[in-house]
Amino acid sequence: MISFNPDSQSATSYAHAQNDEIKAGGTTFAYRELGPHGGIPLMLLNHWGAVLDNFDPRIVDGLARKHRVIAIDYRGIGSSGGIAPVSVDEMAQDTIALIRAMGFDKVDLLGFSLGGFVAQDVALKAPDLVRRLILTGTGPAGGQGIDRVGATSWPLMLKGLVTMRDPKTYLFFTATTNGRQAASAFLKRLKERKAGRDRGPTPRALLRQLKAIKAWGQQAAQDLTRLRMPVLIANGDNDIMVPTALSSDMARRIPHAQLVIYQDAGHGGIFQYHTDFVIKALEFLAR
């Protein structure tokens, strides 16, 4: 096992970042990191079924110009050990344990989709641990439509099989010319890493994470006024997985929230507009 080394030298690009692992709460978690050491690290929490290879290298590389960036695999996903949790609560507890195992007293969090659910829950459970929060393509507990992520996704995943296209083409992007071009570019970026790629998610892990997503959509709303740290919220204007209206809802309910909505963009709006998103995220983190 490769253990966490706070003095290790980071790679210069996410496509070449070293695969590392660390034990936290009895589970071995896989992660990759890059960027300058010192300051507050930025932890990345990704979407349903995502492994380390599903983080957009343009976003990771862009953020790592100024920040130490750490991307993780959830328990039971990719190269992390254990069994995938069936609740966001467990994923948040895992993330808190992982942050503490790495020796950090304070972090910034960037969560996309399911990762945004986890990031919110971490910030509510351990507010002193989170300096700034970036929530993208995501929504609050009890948000209308979140419990239908599976019902929305399965037909489009089947469409991907039939058309021999990655389902993210349909799930993350609009059907417009701009959307299709952005989807193609994004999927090419995800293949830039040639060596040391992560393991894909198992069907069991996908189904267990989907249970967690459904439960998040059905649970009682959380008191988002308790999120006192600055929060940046970003999404596309046509998110069919986690409805865009939920981003506006979070922005209304969180005291210090900034909202960015990208036009002619879907769930993966931050990938389609990755250059602008990185600029806005760096500005937000620098304040």
### Residues of region 201-236 that turn out to be in a loop (DSSP other than H, G, I, E, B) and small (G, A, S), as a count
2
### Odd one out for V60, checked against (1) at pLDDT 95 or above; (2) under 20 Å from Q209 (Cβ atoms); (3) of a type outside the set (D, E)
(2)
### Query
Among the listed residues S87, S79, which satisfies the condition of being surrounded by fewer than 22 Cβ atoms within 10 Å (Cβ to Cβ) and either in contact with a strand residue (DSSP E or B) (Cβ under 7 Å, 6 or more places away or on another chain) or at pLDDT below 95 (or both)?
S79
### Task
Being closer than 26 Å to P255 by Cβ, out of contact with any Asp or Glu (no Cβ under 8 Å at 6 or more places or on another chain) and not hydroxyl-bearing (S, T, Y) narrows it down to one of G81, G142, so name that one.
G142
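Rundown of residues vs (1) closer than 21 Å to F117 by Cβ; (2) over 19 Å from the mean Cα position of the chain (by Cα); (3) not aliphatic (A, V, I, L, M), yes/no style:
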{"site": "P167", "(1), (2), (3)": "yes, no, yes"}
{"site": "Y170", "(1), (2), (3)": "no, no, yes"}
{"site": "L190", "(1), (2), (3)": "no, no, no"}
{"site": "G196", "(1), (2), (3)": "no, yes, yes"}
{"site": "A205", "(1), (2), (3)": "yes, no, no"}
{"site": "I233", "(1), (2), (3)": "yes, no, no"}
## Note on the structure
Per the filter on region 202-254, residues of a type in the set (V, I, T), closer than 17 Å to K125 by Cα and surrounded by fewer than 17 Cβ atoms within 10 Å (Cβ to Cβ) are T225
### Query
Does any residue of region 100-115 turn out to be touching a His at 6+ places or on another chain (Cβ under 8 Å) and at positive phi?
yes
### Task
Could you check how many residues of region 265-285 are out of contact with any Phe, Trp or Tyr (no Cβ under 7 Å at 6 or more places or on another chain) and either under 20 Å from L114 (Cα atoms) or surrounded by 18 or more Cβ atoms within 10 Å (Cβ to Cβ) (or both)?
6
### Message
Against the definition (within 29 Å of D61 (Cβ to Cβ), modelled with pLDDT under 95 and of a type in the set (K, R)), how does R165 come out, yes or no?
### Response
yes
### Message
Among the residues of region 1-36, what is the count of those that are hydrophobic (A, V, I, L, M, F, W, C), outside any loop (DSSP other than H, G, I, E, B) and at pLDDT 95 or above?
### Response
6
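A quick yes/no check of all residues on (1) in contact with a Lys or Arg (Cβ under 9 Å, 6 or more places away or on another chain); (2) free of Cβ contacts under 8 Å to residues at least 12 places away in the same chain:
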position	(1), (2)
T177	no, yes
A183	yes, no
R189	yes, no
R199	no, no
P203	no, yes
A215	no, no
Q218	no, no
### Message
Which numbered condition in (1) within 27 Å of S87 (Cβ to Cβ); (2) in contact (Cβ under 8 Å) with a residue 12 or more places away in the chain is the only one that R252 fails?
### Response
(2)
### Among the candidates D239, D264, D198, residue that is on the phi > 0 side of the Ramachandran plot and part of a loop (DSSP other than H, G, I, E, B)
D264
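The values are calculated or read from the model by the stated rules, or taken from the named source; none is laboratory data. It should be emphasised that the depicted structure is a prediction, and the values quoted were computed from it without experimental measurement. When we count neighbours, we look across all protein chains shown, and the Cβ atoms used for this are built from the backbone with ideal geometry, even at glycine.
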